[in-house]
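Trainee: Quick one: the structure is below, questions incoming.
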Amino acid sequence: MDSLISTEALAAELGAADLVVCDATLFPPGDPRVAPALHAAARIPGARLFDLNAIADTDSGLPHMVPAVSHFERMVTELGIGNASRVVCYDQLGLFSAARAWWLLRLFGHAQVAVLDGGLPKWRREGRTVESGEPAAPRRATPPYRAALCARRLRGIGDMLDNLVTQRELALDARSAERFHARVPEPRAGLRAGHMPGAHNIPHAELLSSEQTLLAPAALRERFARAGVTPATAVVTSCGSGITAAVLTLGLVVAGLPEGALYDGSWTEWGGRSDTPIVTA
């Protein structure tokens, strides 16, 4: 299963017994919209709500961090996702948070997962069917989901501090240039502004068209090349809280470049500590 699926291809597959469509919407900090309410108002027929704040380590002091294997297994089983399921993730913004759900499933060993290119906005612009009303509870998957954690896709604070010395991986930061260069304050209170030493900035929006679809592979490769990424480059992606970093990871995969890893704590962790170096210039 390719990592990106078109609205046309998904429409042709709707209703397939092995297909699970997930609304993985998460709005950025300060956005008052509530994903469950909008999911009830309009969703792709049969879609289940993939709550990134719940399918997470809810005991962490950081937002939507990677959960324990047992928690992930339990939550996706309740969504009706089995090991043989084909999963399509979308979001209500176009292509913002769906890539995080795609990455999370891949992290736990699920290869049969794709992101809907352009998300619900493109689906609706094309006049495709949506349903509304309180969604029915999904049927639990049987047998229960069994995960296989792929740790090479994940980085923590220790890895990132070590990388400052080894420089084995190129850090790509998906935040806006204004945030990366400390020209504006961070949207989350208490965070210092700036970026990690050695990091390169690729705002995630630069990988998207005006319709919030991912750029063509050649254009993606060109944008990554300008940040120093070659087919031999080991990459780790980052952002504000591990959400749009996954858009960069998705872009790398679609571009045919090495997938690399994702720094889960991202700037919420790095910028929230006093012992991590930052660059503001």
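The numbers here are math on the coordinates, done by the rules we state, and not lab data. Since this is a predicted model, take the numbers as computed values, not measurements. Because the Cβ atoms are built from the backbone with ideal geometry, glycine has one as well, and the counts that use them run over all protein chains shown.
Trainee: Tell me which helices (runs of 4 or more DSSP H) are completely within the range 199-281 and hold 1 or more residues being β-branched (Val, Ile, Thr), or say none if there are none. Explain how you work it out, then say what you get.
Mentor: Details: elements: 217-226, 245-254, 266-270.
Passing ranges, in order: 245-254, 266-270.
Trainee: Name the single residue, out of those in the range 197-212 being at negative phi and among the small types (Gly, Ala, Ser), that is surrounded by the most Cβ atoms within 10 Å (Cβ to Cβ).
Mentor: Of all residues in the range 197-212, those at negative phi come to 197, 199-211.
Of the ones still in play, those that are also among the small types (Gly, Ala, Ser) are 199, 205, 209-210.
On the way: ALA199: 23, ALA205: 13, SER209: 14, SER210: 6.
It comes out as ALA199.
Trainee: Go through SER60, SER70, SER85 for me and flag whichever is touching a residue at least 24 places away in the same chain (Cβ under 8 Å) and hydroxyl-bearing (Ser, Thr, Tyr).
Mentor: Numbers: SER60 fails: touching a residue at least 24 places away in the same chain (Cβ under 8 Å); SER70 fails: touching a residue at least 24 places away in the same chain (Cβ under 8 Å).
When all the criteria are applied, what remains is SER85.
Trainee: Restricting to the range 65-97, and then to whatever is touching a helix residue (DSSP H, G or I) at 6+ places or on another chain (Cβ under 6 Å) and closer than 20 Å to ASP31 by Cα, can you tell me which residue is surrounded by the most Cβ atoms within 10 Å (Cβ to Cβ)?
Mentor: The selected residue is TYR90.
Trainee: Oh, and also: What single numbered condition from (1) free of Cβ contacts under 8 Å to residues at least 24 places away in the same chain; (2) of a type in the set (A, V, I, L, M, F, W, C); (3) assigned to a loop (DSSP other than H, G, I, E, B) fails to hold for VAL165?
Mentor: Just one mismatch for VAL165, condition (3).
Trainee: Could we say that LEU116 is more than 15 Å from LEU248 (Cβ to Cβ) and buried (at least 20 other Cβ atoms within 10 Å of the Cβ) here?
Mentor: Values: more than 15 Å from LEU248 (Cβ to Cβ): yes; buried (at least 20 other Cβ atoms within 10 Å of the Cβ): yes.
Yes; evaluated as a whole, the condition is true for this residue.
Trainee: Hey, does the range 60-75 have a residue that's of a type in the set (Val, Ile, Thr) and farther than 16 Å from CYS150 by Cβ?
Mentor: Taking the range 60-75 first, the residues of a type in the set (Val, Ile, Thr) are 66, 69.
So of that shortlist, the ones also farther than 16 Å from CYS150 by Cβ come out as none.
No: the range 60-75 contains no residue that is of a type in the set (Val, Ile, Thr) and farther than 16 Å from CYS150 by Cβ.
Here's the yes/no breakdown for (1) touching a Ser or Thr at 6+ places or on another chain (Cβ under 8 Å); (2) closer than 21 Å to GLY265 by Cα:
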residue	(1), (2)
ALA137	no, no
PRO144	yes, no
ARG155	no, yes
PRO187	no, yes
PRO197	no, yes
GLU206	no, no
LEU220	no, no
ARG226	no, no
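Trainee: Collect the residues in the range 14-45 that are surrounded by fewer than 20 Cβ atoms within 10 Å (Cβ to Cβ) and in contact (Cβ under 8 Å) with a residue 60 or more places away in the chain, keeping them in residue-number order. Step through it out loud before you land on a result.
Mentor: Pass one, the range 14-45, residues surrounded by fewer than 20 Cβ atoms within 10 Å (Cβ to Cβ): 14-19, 27-34, 36-38, 40-42, 45.
If the condition is that a residue be surrounded by fewer than 20 Cβ atoms within 10 Å (Cβ to Cβ) and in contact (Cβ under 8 Å) with a residue 60 or more places away in the chain, then ALA16, ASP18, LEU19, PHE27, PRO28, PRO29, GLY30, ALA40, ALA41, ALA42, PRO45 are the ones that fit.
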